[in-house]
Amino acid sequence: MFVERPVVKRTARAILLATGEGPAPTVELILIKRTKPGQEPYWITPGGGVEPGVDRTVEDALHREVAEELGGAITEVVPAFVDTVSDPAETPGGVKVQHFFVCRLVSLDPRLRHGPEVEEPQGEYEIVRLPFTPQGLNSVEVVPPRLRAYLAANIEGVQALLAPDLRRPPPGPPDPSGPPPDSAR
């Protein structure tokens, strides 16, 4: 029997794609290599918790976290993956829902990083770029493992989420060549 558990924590995380440098354009995934004393390193997507009273939306939290952790800015934010985690130590009596958004990097300046990861670090936070390929993803310990498996199996699909024909046009006057509004018929 299914028992619904309350959502006690929500996070926003960036599947952050950037154009690689070099003669042939490549797609790279921006990750953070986490190294904590006494533990093996692991790689995470930039992001963190939604802060009540600070973030109006999960997407607001995503923009704030990318600015804090990377000194970065993003655009073309599209929901891509959700991971629900039950961890009695972190979310007693409920679950954490991690919202992963595919997005494109606009700027990155590590000198602009701020927040607890920079001011009170618990280990090291290193910004890394990986080839956005199954080999690149499987070359490191991306967590959570369900995200790594999803990304490795859906490289083309994740990139297609940023295709121009999936985005809404910016608000503005109606296209004069388009169909007339319902009230004019």
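Where does the chain land at 222 nm, in deg cm²/dmol rounded to the nearest 500, when only DSSP H runs of n ≥ 4 count, each adding -39500 (n - 2.57), divided by all residues? Intermediate values should be presented prior to the final figure.
Values: 5 runs with 37 residues, N = 185.
The helix-only estimate for the chain comes to -5000 deg cm²/dmol at 222 nm.
I want to check the label-to-label distance for Arg10 and Asp87. Put each point 7 Å from Cα in the C-beta direction and report it in nm to one decimal.
Simple spin-label model gives 1.9 nm for this pair.
Could you give the nm distance between label points at Ala163 and Leu112, where each point is 7 Å from its Cα heading toward the beta carbon?
Result for the modelled spin labels: 3.1 nm.
For Ala24 and Thr133, calculate 0.36 nm times their separation in residues minus their Cα-Cα distance, and state this gained length in nm to one decimal. Each step should come with its number before you reach the end.
On the way: separation 109, 0.36 × 109 = 39.24 nm, distance 1.49 nm.
The span from Ala24 to Thr133 would gain 37.7 nm if fully extended.
Quick one: 3J(HN,Hα) in Hz for region 114-130, Karplus 6.51/-1.76/1.60 with θ = phi - 60°, rounded, Gly and Pro as x.
So the J values, rounded to whole Hz, are 7, x, x, 5, 9, 7, 9, x, 9, x, 10, 10, 10, 6, 10, 10, 10.
Rounded, prolate or oblate: which fits region 67-139, taking a ≥ b ≥ c as square roots of the Cα gyration tensor eigenvalues, rounded meaning a/c under 1.5, else prolate when a/b beats b/c?
Values: a/c = 1.64, a/b = 1.21, b/c = 1.35.
It is oblate, given that a/c is not under 1.5 and a/b is not larger than b/c.
Can you tell me, using C-alpha contacts under 8 Å and at least 6 residues apart, the relative contact order of the chain as a whole percent?
Working: 324 pairs, mean separation 47.7, N = 185.
Normalised by residue count, the contact order of the chain is 26 percent.
Once you sort the root eigenvalues of the Cα gyration tensor of region 23-71 as a ≥ b ≥ c, which label holds: rounded (a/c under 1.5), prolate (a/b larger than b/c) or oblate (the other case)? Please report the intermediate quantities before stating the final value.
Numbers: a/c = 3.22, a/b = 1.25, b/c = 2.58.
Note, shape of region 23-71 comes out oblate.
Go through (i) 174; (ii) 215; (iii) 144 and flag the label whose value is the computed volume of the Cα convex hull per residue in Å³ for this structure.
Structure-derived value, by its label: (ii).
Which residue, Ala149, Ala12, Ala73, has the most motion in a Gaussian network model of the chain that connects Cα atoms within less than 10 Å?
Ala149
Values quoted throughout were computed directly from the atomic coordinates according to the rules given, and no laboratory measurement underlies them. Owing to the predicted nature of the structure, the values given are computational and were not obtained by experimental measurement. Neighbour counts are summed over all protein chains in view; Cβ atoms, including those assigned to glycine, are modelled from backbone coordinates with ideal geometry.
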